[in-house]
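Enquirer: First, the structure itself, so that you have it in front of you.
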Amino acid sequence: MSVAGALAGGAAMLGCVVGAAVSPYGMELVRFPLQMSSRSHALVLISEWRPLAFDSLVNVVFLIEAVVVLALLMWRRAWWRTLLGVVVVAAALMAVRNEAIAVLALVPIAAPLLPTRPLGHTGSDPDAGRWPPGLDRDGDRCVRRPWRPGVRSW
């Protein structure tokens with residue numbers, strides 16, 4: 001670790017402690033997460049903090065959706081999006097309360113990688129019916145190349 005990185009980390013910690021000391025709640029905000037970690041036996045009794053159980057159809061459908069989206073992201077080699085998807089799915093698997101957030105978050109994570117028109121589309125576009133139509137790789141982003149008549153983009 002560089003000296004500048006260590007100084008930045010120390011400044012961030014000092015800022016958090018000063019901010020907590022100035023807030024109306026004082027240092028109680030800093031101690032609260034530590035107190036809750038010592039009460040983990042009580043958190044098991046709260047249903048929304050329990051890990052996701054696959055005893056209902058909704059949870060099984062969520063797992064299938066998550067696996068399909070993560071497989072699509074890995075197939076497209078969108079590594080940053082895959083990492084973000086894994087973090088969101090892992091949060092949902094750790095606590096039931098995060099399942100709805102994960103379902104909503106996976107849509108914009110995967111949406112840019114989906115086809116822009118139906119697969120069976122017919123027309124004057126030479127890329128019609130191809131998946132993904134007219135997309136080119138640019139790192140982890142997909143960029144639509146402009147279509148020109150008579151020029152194949154693949």
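The values are calculated or read from the model by the stated rules, or taken from the named source; none is laboratory data. Because the structure is predicted, anything quoted here is derived from the model rather than measured. Heavy atoms of the whole protein, side chains included, go into the accessibility calculation; ligands, DNA and RNA do not. Shrake-Rupley method; radii C 1.70, N 1.55, O 1.52, S 1.80 Å.
Enquirer: Keeping all protein chains in the complex and leaving out DNA, RNA and ligands, what accessible area do you get for MET13 with a 1.4 Å probe, in Å² to the nearest 10?
Expert: The accessible area of MET13 comes to roughly 140 Å².
Enquirer: Relative to the present Cα-Cα distance, how much length would full extension add between ARG31 and TRP75 at 0.36 nm per residue of separation?
Expert: Contour length minus Cα-Cα distance gives 11.5 nm.
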